[in-house]
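First the structure, in the form of structure tokens, and then the observations on it.
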Amino acid sequence: MDTVVRGASATVRAVDRIDPPTRDRIAAIIVGIALAVALATVALGRYESGVRLTTAGEYVVVSEVQGRSVASQFGLRPGMIVTELGGVTLVRLPTSVWPETEPTPDPLTGEVPPYEPIGIEPAVPTIVDIDPAGLAQLLSRPVISLSAIERGALSQPVLQEIGPTVQLYDDGLDGIRQTMPLLVVGLVLLLATWWWMASGRAGEALRGLAAPLAVATAMPFIVKPLDATQALPLATISMALLAAGMLPLAHALIERIDDPEDRRLVTIVAGACAAAAVVIGVVASTTEPWYGETPTRLALIGAIALIPGLAAAGPIRRASGAGSLPTSGRLMESTEYAVIGLTPAVALASSGAPLPLPLTLWFLLILLAGRFTIRPLARLATRAALQRDLVVAATEAERARVAADIHDDALQELTLLVHRLDAAGDEEGAGIARTVSDRLRAICGDLRLPILDDLGVGPALDWLVLRIERLAGGEVRLERADGTRPPADVELAFFRVAQEALANAVKHGRPPILVRYSTTPGGASLSIDDAGPGIEPDAGAPDGANGADQAGHFGLLNMQQRAEAIGAILDVRRWPAGGTHVALEWRAH
């Protein structure tokens, strides 16, 4: 068990190291292989029903039936006599002859005589005379349609054709080449989806999903020629290519899951679905008759992208008593991720029909929903975000103005006053003036800290922790791993959230207080934990900013607005054993 866990962990770490350009190249390689195999199958592939025929005297007989093939599924057995092959009758069996017209009611009684056969024709089975060259050519073709009966039935009185029948294609055409329209549909989907997403018409945030979504949507149509051969090895390759085509999209959606533990869990589940689909296909092809793409296998393949899409659309776990504060700006993003995760599953459901009707209706629904529902909501969300950003910007501008006024006016006057009191020998007055001056400098630091602009959040948190430790009367520790600096607006939001959370920890909690801050090229995270009684269950404002405002938790409201302004996730919760946990997670897009 430990080995399995370690292997899964190693796989997750390896997946995390794949960057978007590498992922796009992998997706292109997968679809390139699928196209090459599909075109080769159309050009060179041979339909395989699993039955072999030979001549035995005047008859054409079944010489071999492969196990787990279409022929074995329909009940064909070696030694059976072929009565019809590829639409050509080889043996005419006695069948009932019916009157040309149905009986009419008796004029006196009104009774209708029974409609019964009037004879049998021919009286005995009759072998149809076929030119040997024509028969040889018929036997050389792939077996598309075939009717056969047991040899012993030829000597028994029969009224109609009996025996199992394999009728795979009503028109008798080669089923492999019939998949060419679906292959063309796959190519059109691949190019159109790739172009639409990469051009930014679906939104700038979704550009990175262009290649993975295009490949996952087109793959069910591209591999159709392999399934049409009914050959078990090619059917297994088809399943493997389908599963592989979903993995780049799953990886891209997993990247957009905010919680690291959720990302790890969803990565394992999506990988397990892919592995299960392939393993079940291989095992089934060696242990049971071939029944084509079963719903179980298709469901597993669809789940490879669907589960990460749903997980990226919204958190999949909520701890008891958690006060996770959702951001209104994620509504559109969540809807898009859910739709993207479901699209390959709709494509899978459409690939079995001559026309991809479900997928067409799905795209039409997306367009209508985008025009009449999502776009108006997006405009409202954009307007609300703009207003929020203006409020934040105005607040920071006012902070900077007040800090400058205090520094340039009041502090300068206090400095002169200290010098005059020192010169006059008034030590008590000079001490009071110095205390007031120090307090005003601290207020200036709270309003606008120069070290934040010059050196970044890490050094600013060092300064803040030292100051808070003096006020808390206990241990306040900072753990930093900030190798890179995020954008200025992100740094400002992180510092203000830390400032508010530490003020709350001093006011409502107790030491020790632990602050963790880390940055990577892909994002930044901050957490503050204290050892106090913990935040009230309803203080996290589960209904968002309005709930925090109505409950009077303006500090939480301020932190939430800061997180929304940079597109970050703020999580405020009470630990089961006591203590408040404040976490801020931002990912670069």
**Asked** What are the residues in the range 125-149 that are closer than 13 Å to residue 86 by Cα and touching a residue at least 60 places away in the same chain (Cβ under 8 Å), if any?
**Response** 135, 139, 142, 143, 144, 145, 146, 147, 148
**Request:** Please state which one of 36, 27, 40, 8 is touching a helix residue (DSSP H, G or I) at 6+ places or on another chain (Cβ under 6 Å) and modelled with pLDDT of 75 or more.
**Result:** 27
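Scanning the range 141-163 for residues that are open to solvent by less than 70 Å² (accessible area, probe 1.4 Å) and either charged (D, E, K, R) or modelled with pLDDT of 80 or more (or both), which turns out nearest to the chain's Cα centre (by Cα)? Show your work before the answer.
Taking the range 141-163 as the starting set, the residues that turn out to be open to solvent by less than 70 Å² (accessible area, probe 1.4 Å) are 142-149, 152-154, 158, 162-163.
Retained after the next criterion (residues that are either charged (D, E, K, R) or modelled with pLDDT of 80 or more (or both)): 146-149.
Numbers: 146: 44, 147: 46, 148: 48, 149: 50 Å.
Per the stated criteria, the residue is 146.
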**Request:** Within the range 210-255, count every residue that is modelled with pLDDT of 85 or more, part of a loop (DSSP other than H, G, I, E, B) and over 14 Å from residue 278 (Cβ atoms).
**Result:** 1
**Request:** Within the range 504-517, identify whether any single residue is in contact with a strand residue (DSSP E or B) (Cβ under 7 Å, 6 or more places away or on another chain), modelled with pLDDT of 85 or more, under 30 Å from residue 19 (Cβ atoms) and of a type in the set (D, E, K, R), and answer yes or no.
**Result:** yes
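Do you know which residues across the range 467-483 are modelled with pLDDT under 85, out of contact with any Phe, Trp or Tyr (no Cβ under 8 Å at 6 or more places or on another chain) and either more than 17 Å from residue 509 (Cα to Cα) or not basic (Lys, Arg) (or both)? Can you show your working first?
Within the range 467-483, the subset modelled with pLDDT under 85 is 467-474, 482-483.
If we keep only those that are out of contact with any Phe, Trp or Tyr (no Cβ under 8 Å at 6 or more places or on another chain) too, we end up with 467-474, 483.
Once the filter is applied, which keeps residues that are modelled with pLDDT under 85, out of contact with any Phe, Trp or Tyr (no Cβ under 8 Å at 6 or more places or on another chain) and either more than 17 Å from residue 509 (Cα to Cα) or not basic (Lys, Arg) (or both), the range 467-483 yields 468, 469, 471, 472, 473, 474, 483.
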**Message:** Considering only the range 64-83, I want to know if a residue exists there that is under 29 Å from residue 223 (Cβ atoms) and assigned to a strand (DSSP E or B).
**Reply:** yes
**Message:** So the check is Cβ under 8 Å with 6+ separation or different chains; which pairs have a first residue in the range 184-204 that's closer than 13 Å to residue 31 by Cβ and assigned to a helix (DSSP H, G or I) and a second one that's of a type outside the set (Val, Ile, Thr) and open to solvent by 30 Å² or more (accessible area, probe 1.4 Å)?
**Reply:** 187/35
**Message:** residue 99 - would you say it is modelled with pLDDT under 80, out of contact with any Phe, Trp or Tyr (no Cβ under 6 Å at 6 or more places or on another chain) and not charged (D, E, K, R)?
**Reply:** yes
**Message:** Need pairs with beta-carbon distance below 8 Å; first residue on the phi > 0 side of the Ramachandran plot and within the range 564-583, second of a type in the set (Val, Ile, Thr) and not in a strand (DSSP E or B); sequence gap 6+ or separate chains.
**Reply:** 567/327
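Run down 484, 519 and say which single residue is in a loop (DSSP other than H, G, I, E, B), polar (S, T, N, Q) and open to solvent by less than 70 Å² (accessible area, probe 1.4 Å). Please lay out each step first, then the result.
Numbers: 519 fails: in a loop (DSSP other than H, G, I, E, B).
That would be 484, the only listed residue that is in a loop (DSSP other than H, G, I, E, B), polar (S, T, N, Q) and open to solvent by less than 70 Å² (accessible area, probe 1.4 Å).
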**Prompt:** From the list 303, 284, which one is assigned to a helix (DSSP H, G or I), among the hydrophobic types (A, V, I, L, M, F, W, C) and modelled with pLDDT under 75?
**Reply:** 284
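Here is a check on your reading of the model: is residue 266 modelled with pLDDT under 85 and surrounded by 15 or more Cβ atoms within 10 Å (Cβ to Cβ)? Spell out how you get there, then give the answer.
Values: modelled with pLDDT under 85: no; surrounded by 15 or more Cβ atoms within 10 Å (Cβ to Cβ): yes.
No; evaluated as a whole, the condition is false for this residue.
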**Message:** I'm trying to understand the selection: among the residues of the range 182-206, which are open to solvent by 60 Å² or more (accessible area, probe 1.4 Å), at pLDDT below 85 and in contact with a helix residue (DSSP H, G or I) (Cβ under 9 Å, 6 or more places away or on another chain)?
**Reply:** 201, 205
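With respect to residue 92, determine if the residue is among the basic types (Lys, Arg), open to solvent by 70 Å² or more (accessible area, probe 1.4 Å) and over 48 Å from the mean Cα position of the chain (by Cα). Don't jump to the end; show me each part of the working.
Working: among the basic types (Lys, Arg): yes; open to solvent by 70 Å² or more (accessible area, probe 1.4 Å): yes; over 48 Å from the mean Cα position of the chain (by Cα): yes.
The answer is yes for residue 92.
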**Prompt:** Would it be correct to say that residue 123 is assigned to a helix (DSSP H, G or I), at pLDDT below 75 and out of contact with any Asp or Glu (no Cβ under 9 Å at 6 or more places or on another chain)?
**Reply:** no
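The values are calculated or read from the model by the stated rules, or taken from the named source; none is laboratory data. The structure displayed is predicted, hence computed values, not measured ones. We place every Cβ from the backbone using ideal geometry, glycine too, and count neighbours over all the protein chains shown. The area values use the complete protein model at the heavy-atom level, side chains included, leaving out ligands, DNA and RNA. Shrake-Rupley method; radii C 1.70, N 1.55, O 1.52, S 1.80 Å.
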